[in-house]
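The values are calculated or read from the model by the stated rules, or taken from the named source; none is laboratory data. Everything numeric in this text was worked out from a predicted model, so none of it was measured. A quick note on method: Cβ atoms are made from the backbone with ideal geometry, for glycine too, and the neighbour counts reach across all protein chains shown. Areas reflect the complete protein model, heavy atoms only, side chains present, ligands, DNA and RNA absent. Shrake-Rupley method; radii C 1.70, N 1.55, O 1.52, S 1.80 Å.
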Amino acid sequence: MATRSALLNVMTKAADKAARGLKRDFGEVENLQVSRKGPADFVSAADLKAEKVLKEELQKARPGYGFLMEESEAVAASDDSGRRWIVDPLDGTSNFLHSLPHFAISIALEERGEIIAGLVYDPIKEDLFHAEKGQGAFLNDRRIRVSSRTRMTDCLIATGAPFAGKGDRPQFLGEIDAVMANTAGIRRWGAAALDLAYVAAGRFDGFWERGLSPWDYAAGLILLREAGGYVSEMNGKALTLGSPSILATNNAIHSDLMKLLRKPLSN
Ligand code: IPD
Ligand code: CA
Ligand code: CA
């Protein structure tokens, strides 16, 4: 069993504390589905509460680090570490809102533009994915690696689909058309941080999505790299935290999947 570093202990402790609240609230959401008002306000309060807990815990342990968090203003580092936390307190909000047990807390640590540690925690399945630069990627302290599948027809590919008011549907329809026809299947599970963690763990063979924000993929990025995967923009360009799209794979299928996604609508 791998020993976790002090840094990972800080991240795990914060995630654990926020997860306890999220789990409690998730139990309550089920009851609210049938209420006239529905659970929407309750869920956004749960999201904000989780972010507050994470911020407090991380700040207590590393007072000088900055923050980039989904629900609040960015804060620059106040020490000379050049480090900031990139946090999504609840990835998979729609799942949470609909009582679907597939969501996660995502915490990454960036140092002068580079992600050096990442954690994605699914509190329902108790899956804790974590990685530090140069140290490999782990699921609950067991080393994980990307899949070794090389034939597209064997591969299971995850994605994120546009929803009301978001994204380019015709473009996406062209993409899923090409991927459907050439792979073992497509999954849209609704939590990008977990999609990336699952590619890192060899559960999915690839993942693509457009229009994500840095907190959706910062932690997943290092998990994937440390598990032997490859990640770029969908056009093959180097991924940055401002990239408009992401393509993450087990490395072996990267260029094949990229080519498929370039295909125009077949009808
Ligand atoms: C969303 C999830 C989803 C992805 C969306 C994200 P949220 O994050 O990661 O899978 O398709 O683009 O915004 O809103 O649940 O934190
Ligand atoms: Ca998210
Ligand atoms: Ca979120």
Open item on the list: Between Arg112 and Lys37, what's the calculated FRET efficiency when r is the beta-carbon distance and R0 is 45 Å? Round to 0.05.
Closed with: 0.50
Task: Solvent-free Debye scattering, log10 I(q)/I(0), computed from the Cα coordinates of the chain at q = 0.08, 0.12, 0.15 Å⁻¹ - done: -0.31, -0.70, -1.08
TODO: Please list the radius of gyration and Dmax for the stretch 160-208, considering alpha-carbon atoms only, with Å as the unit.
DONE: 11.6, 32
Task: Heavy-atom accessible area order for Trp208, Trp189, largest first, 1.4 Å probe - done: Trp189, Trp208
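Semi-axes of the stretch 6-159's equivalent ellipsoid from the Cα gyration tensor, sqrt of 5 times each eigenvalue, largest first, rounded to whole Å? Kindly include the intermediate steps, with their values, before the conclusion.
Working: eigenvalues 141, 113, 35 Å².
Ellipsoid half-lengths, sorted descending, are 27, 24, 13 Å.
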Task: Rel. contact order, % - alpha carbon contacts under 8 angstrom, at least six apart, the stretch 211-265 - done: 32
TODO: Tell me which residues come under 5 Å, amide H to amide H, from Leu239 once H is placed; ignore anything under 5 positions away on its chain.
DONE: Glu233
- [ ] Pop out the ³J(HN,Hα) list for the stretch 101-107 in order, Karplus 6.51 cos²θ - 1.76 cosθ + 1.60 with θ = phi - 60°, rounded to Hz; leave Gly and Pro as x.
- [x] x, 8, 7, 8, 9, 10, 10
Task: Glu56 versus Ser245: modelled label distance in nm, points set 7 Å from Cα along the beta carbon direction - done: 4.2
- [ ] Name the residues whose placed amide hydrogens come within less than 5 Å of the amide hydrogen of Arg187, ignoring near sequence neighbours (fewer than 5 apart) on the same chain.
- [x] Ile157, Ala158, Thr159
Open item on the list: Sort Thr93, Thr3, Thr159 by heavy-atom solvent-accessible area, probe 1.4 angstrom, most to least.
Closed with: Thr3, Thr93, Thr159
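Would you rank Phe204, Phe26 by solvent-accessible area, highest first, keeping every protein chain in place and using a 1.4 Å probe?
Numbers: Phe204 5, Phe26 30 Å².
Largest accessible area first, the residues go Phe26, Phe204.
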Task: Viscosity 1.306 mPa s, 10 °C: Kirkwood-radius Stokes-Einstein D of the stretch 152-266 over Cα pairs, µm²/s - done: 116
Task: For the stretch 50-109, with +1 on Lys and Arg beta carbons and -1 on Asp and Glu, the positive-most of Ile86, Ala61, Ile107 along the dipole - done: Ala61
- [ ] Apply the Karplus parameterisation 6.51 cos²θ - 1.76 cosθ + 1.60, with θ equal to phi minus 60°, to every residue of the stretch 233-242 and state each ³J(HN,Hα) to the nearest whole Hz, in sequence, with x for glycine and proline.
- [x] 6, 5, 8, x, 5, 4, 7, 10, 6, x
TODO: Go ahead and run the numbers for FRET between Asp80 and Leu100, Cβ-Cβ distance against an R0 of 51 Å, rounding to 0.05.
DONE: 0.75
